[in-house]
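Scroll down for the structure; my scribbles are underneath it.
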Protein chains: 4
Amino acid sequence: MDNWRTAIATSDATNIWIRGHDIASLMTQGSFADTVFLLHQGRLPNAGERRLLDAILVGVADHGSGAPSCATARLAASGNRQSPSAAVAAGILAIGNEHGGAGADCMEMIANGIDRATKASISLEGVARKLVDDAKANHRRIPGLGHRVHSSDPRTPTLFSMAREVGLAGKGIAFMEALESQVREKIKPLPINIDGALAAVLYDIGFPPTFGMLVFIIGRVAGLTAEVAEEYAREKPMRIHVPVTYDGVPPREKGK
Amino acid sequence: MDNWRTAIATSDATNIWIRGHDIASLMTQGSFADTVFLLHQGRLPNAGERRLLDAILVGVADHGSGAPSCATARLAASGNRQSPSAAVAAGILAIGNEHGGAGADCMEMIANGIDRATKASISLEGVARKLVDDAKANHRRIPGLGHRVHSSDPRTPTLFSMAREVGLAGKGIAFMEALESQVREKIKPLPINIDGALAAVLYDIGFPPTFGMLVFIIGRVAGLTAEVAEEYAREKPMRIHVPVTYDGVPPREKGK
Amino acid sequence: MDNWRTAIATSDATNIWIRGHDIASLMTQGSFADTVFLLHQGRLPNAGERRLLDAILVGVADHGSGAPSCATARLAASGNRQSPSAAVAAGILAIGNEHGGAGADCMEMIANGIDRATKASISLEGVARKLVDDAKANHRRIPGLGHRVHSSDPRTPTLFSMAREVGLAGKGIAFMEALESQVREKIKPLPINIDGALAAVLYDIGFPPTFGMLVFIIGRVAGLTAEVAEEYAREKPMRIHVPVTYDGVPPREKGK
Amino acid sequence: MDNWRTAIATSDATNIWIRGHDIASLMTQGSFADTVFLLHQGRLPNAGERRLLDAILVGVADHGSGAPSCATARLAASGNRQSPSAAVAAGILAIGNEHGGAGADCMEMIANGIDRATKASISLEGVARKLVDDAKANHRRIPGLGHRVHSSDPRTPTLFSMAREVGLAGKGIAFMEALESQVREKIKPLPINIDGALAAVLYDIGFPPTFGMLVFIIGRVAGLTAEVAEEYAREKPMRIHVPVTYDGVPPREKGK
């Protein structure tokens, strides 16, 4: 097999480097958020960027055991107590386009919207108006707006205030706010949710769209490990039996 | 990297062989159970062995969406519709020592028990009596006996009858029946469950203990794929919200 | 939580039914392929359908430890010996659009092609010609044709002969053969690969497109369990170290 | 189904609390490491504890694409480009007793050793001496000592210096150093590796043994997401073919 190649990390007998940075220096001088930023952008963040990334990781860590990722991890732990990594991995597998994935779609939409505005020399408001009109006409949902549970998500204003405070609120936030305002006017009030908020902020600090889902995985794994640890500590194995109603063809007699 | 090595399968530009058998011959002359047997034992089964392995694979395929493996797959599919393999894999991760894993433990116990009987020239009944006495004294559960749901599992008599019919009932079945009889006498009636039944039969047809869990995975994946297909076809994404009661420390006021 | 609903399986204290069929009857009278067919189509197959499904499951079970699914399972087993299900699940996660997933895309293409032929009252050859012209013009690959390794896949003629022999070769096979012939004429000879072959046959025996990937998962899990069992039995933990060349930014001095 | 219960997180229409702490406060006032600590210990860390946990998370994030977890994630991504979470989960599944799991075993050993010292009123050195004598007599490996690759791991002295600097070096570090010194004297020099170092430090800041593996999962997921992002960005699907030597029974002729 040909050697694989990577630009992420390397080591020799007495050293380890991540993106060229000595691991001992990263350990003593920085935080985990610095290393996440470095791994994904190839440079260390400034203080404002670090605070925003930290806030996003905290914001998605956990908000209740009933979310699909947390509940999946606990169900797996209920049947399989041999491997904590198996239960955590099961929880991560529940993360996808429908749960924790809207951030990536939203970052894609933001990037395209801002691109269009730049190329066609129109305002972000103009692009947002067009996008909302299209979505309304085609009954399409706009990623990053509205929420199943929280009528107003406390994490969105928190993130946007922080971004303004550290001087990093840019076109990403502006575009999401333009969308929210157009939707309120033309459809109904749908607040920016956590996916929309983190997408706007991550765009403004230079992350690519794929990171919109990856950041959710990194943050959520903190919660998943706690959920699995609590399941092990407090609950008996095989405690979970989901109640099911059978609505298929009626049972036949034996042998028929 | 040094080449890996395997004794399982190989191929050239126009052929594929499994354990030395041409794939086209396996496809035309045998069933899937033949190939499972061949992969794990290195030889094709006779007709009786094939029937028993088929019956075991069928017996563990599915018995309701509420079992941890099936429920885990459906929960993962609820959040992640990007990858059917992710949902199926999540379901498999719920399989372990507590769910689908007792078969392996039971095969280990059977192998040890029969070994002891042979080496010490005592009867299987004698070994079983000793094992039940020890379990009773130490309040240990005996794998393969008793069931959470089915007061008498229809799969156990079915498997044992088939094994007798094809002339393959051996010491594995004899030992499990000796255990059941000792437990009934000294503790309480605990019927042999599906894990105990498949363990006895798999021992009698020459499988190693690890296969006791692997066979459950192979059979159950049929059910998991059907559960995932039904979830995709009939249910909306994110439909599943597990109800949770919070019993932790009370919420503090903001900023405290 | 509201009860979940399912039409797949149900049970009471002494019985288990799959799609209305008593499990004991399925175990004694049928094979695993029967139950796979039943789980996914809601009825038992006839003899020809069973033979074809069996042949497909056998055909995808394994063809070498170096395939992504098998190699992924072995790598996971190299680091994690706590849970066989974790290693098997890791192998399944390598199955997707690029590996084992072309069957589903191909079934979609076949279904659409045959639909178009019926609605527009044109021949399958006519639809195939158009599809190949479009693919050529847009430099798009056609799923189910060509192979990385096998210049001619032995499994394709085997499956098609069996389908003819049992009288079940239908429009699916006809359409794939029309495509192959058009591609040979207009682009270059690209034989129908195993994905194209199983897609054609599964279409002809009534499976929906999603099953094109699910059947690969069901069959491959037989191989994955054997790969994991061999890794456990013959190899030391942590034996696998993939050789990597670092081509990123050069290491800095410490503290810089 | 009865409600599940949790003491981790809860929310209402406009608030989310983790262990009673308002999420907005956690986002604005703390780092991700604070939230990881809070999730697992139920209280926020002091400045020294936070620095040590941060350093551990950074220290295990990545050290090369060839490690089982990273290589498994990349192999899965090679076959399955439908779901980034599937590739990351595959990488996590390679984490277990052999890779990333020694920290938990080591914490268990440390906790038992210190317990024994306290109960029997003997010194940590005395307990360490006994443990090394036993290990030598029984040819058992001691977790946390020695390394496959790094002759001296730069992360160990870094962590221990930091712990001393912030005044949190306790019995955990003392016990590991006593072990290392006994092993050097009685067997051969085997430096404390990263698993041993993080185990000592995590013990000293109050984490339970299970966290020894969970912390590795949390930190490593940062590296796994970067490995998957690089695989998507720089490599073609299905690029990875592991070279395999077949050493099984020779291929038979067709039909035999």
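Amide H contacts of A:Leu145: A:Asn193, each under 5 Å away and 5 or more positions distant or on a separate chain (H built 1.01 Å from N in the peptide plane; Pro and chain starts excluded).
When only Cα pairs under 8 Å and 6 or more residues apart are kept, what is the percent relative contact order across segment C:1-44? Computed value for segment C:1-44: 26 percent relative contact order. Distances between equivalent label points of C:Ala120 across the copies, with each point positioned 7 Å along Cα→Cβ, amount to 3.2, 7.9, 8.5 nm, shortest listed first. Here's how it looks for C:Met238: its modeled amide H is under 5 Å from those of C:Gly79, which are all 5 or more places away or on a different chain. For D:His241 and B:Lys188, a Förster radius of 60 Å and the Cβ-Cβ distance give a FRET efficiency of 0.60, rounded to the nearest 0.05.
A simple spin-label model places the labels of D:Asn15 and D:Arg43 2.2 nm from each other, with each point 7 Å out along Cα-to-Cβ. Using a 1.4 angstrom probe on protein heavy atoms only, which residues from segment D:95-123 are buried by at least 30 Å² of accessible area when all chains are present rather than their own chain alone? Listed in order, they are D:Asn97, D:Glu98.
With the label put 7 angstrom out from Cα along the Cα-to-Cβ vector, B:Ile187 ends up 3.9, 5.9, 6.3 nm from the copy partners, going from closest to farthest. Result for chain D in a Gaussian network model with C-alpha springs under 10 Å: among D:Ala128, D:Ala104, D:Ala137, the largest mean-square fluctuation is at D:Ala137. Think of segment B:126-252 as having a plus end and a minus end, set by charges on the Cβ of Lys, Arg, Asp and Glu; of B:Leu190, B:Ala200, B:Phe211, B:Leu190 sits farthest toward the positive end of this dipole.
Rolling a 1.4 Å probe over the heavy atoms of the protein chains gives segment D:75-182 an accessible area of 39 Å² per residue.
When a 1.4 Å probe is rolled over the protein heavy atoms, the share of accessible surface on the protein assembly as shown that falls to carbon and sulfur comes to 50 percent.
The H on the amide N of D:Ile16, modeled in the peptide plane, is under 5 Å from the matching H of D:Ile23, D:Ala24, each at least 5 residues off or on a different chain.
What you get for the protein assembly as shown, charging only the Cβ of Lys and Arg (+1) and of Asp and Glu (-1), is a dipole of about 0 debye around the Cα centre.
Which of C:Ile187, C:Ile110, C:Ile205 ends up with the largest GNM mean-square fluctuation for chain C, with Cα atoms connected below 10 Å? Looking only at C:Ile187, C:Ile110, C:Ile205, the largest GNM fluctuation is found for C:Ile187.
A Gaussian network model of chain D, with springs between Cα atoms under 10 Å, assigns the largest mean-square fluctuation among D:Ser181, D:Ser69, D:Ser121 to D:Ser121. Which one of C:Gln41, C:Leu145, C:Ala120 has its Cα pushed farthest toward the positive end of the charge dipole of chain C, where Lys and Arg give +1 and Asp and Glu give -1 at the Cβ? So the residue we want is C:Leu145.
Only protein heavy atoms count here, probed at 1.4 Å, and on that basis chains B and A bury about 2800 Å² of accessible area in total. For D:Asn46, the label point sits 7 Å beyond Cα toward Cβ; its separations from the matching points on the remaining copies run 3.4, 7.5, 8.0 nm, from shortest to longest.
If only the Cβ of Lys and Arg carry +1 and only the Cβ of Asp and Glu carry -1, the dipole of chain D around its Cα centre is close to 700 debye. Short-range pairs are left out: with C-alpha atoms under 8 Å and at least six residues apart, the relative contact order of segment C:1-124 is 11 percent. Karplus-based coupling profile of segment B:7-16, in residue order and whole Hz: 10, 8, 9, 8, 7, 10, 4, 10, 9, 9, with θ = phi - 60° in 6.51 cos²θ - 1.76 cosθ + 1.60 and x standing for Gly or Pro. Extending 7 Å from Cα along the Cβ direction at A:Val166 and again at C:Ser161 yields two label points whose distance is 6.7 nm. For chain C, the relative contact order works out to 26 percent when only alpha carbon pairs closer than 8 Å and six or more residues apart are counted. Averaged over peptide D:210-217, the number of partner chain Cβ atoms lying within 10 Å of each residue's Cβ comes to 5. Among residues other than A:Ala128 with Cβ under 13 Å from its Cβ, the summed charge is +1 (Lys and Arg +1, Asp and Glu -1). A simple count of charges around C:Met162, restricted to other residues whose Cβ falls under 12 Å of its Cβ and scoring Lys, Arg +1 and Asp, Glu -1, yields 0. If you take all other residues with their beta carbon under 14 Å from the beta carbon of C:Phe216, and give Lys and Arg +1 and Asp and Glu -1, the sum is -2. For the set C:Lys119/C:Lys186; A:Lys130/A:Lys186; A:Lys236/B:Lys136; D:Lys119/D:Lys186; C:Lys254/D:Lys171, the pairs lying more than 18 angstrom apart at their alpha carbons are C:Lys119/C:Lys186; A:Lys236/B:Lys136; D:Lys119/D:Lys186; C:Lys254/D:Lys171. For segment D:155-169, a decrease in accessible area of 30 Å² or greater in the assembled protein chains relative to the isolated chain, with a 1.4 Å probe, applies to D:Arg155, D:Thr158.
The values are calculated or read from the model by the stated rules, or taken from the named source; none is laboratory data. Because the structure is a prediction, the values reported are computed rather than measured. Cβ atoms come from the backbone with ideal geometry, glycine included; neighbour counts cover every protein chain shown. Each accessible area value is taken on the protein alone, full model and side chains, heavy atoms only, with ligands, DNA and RNA left out. Shrake-Rupley method; radii C 1.70, N 1.55, O 1.52, S 1.80 Å.
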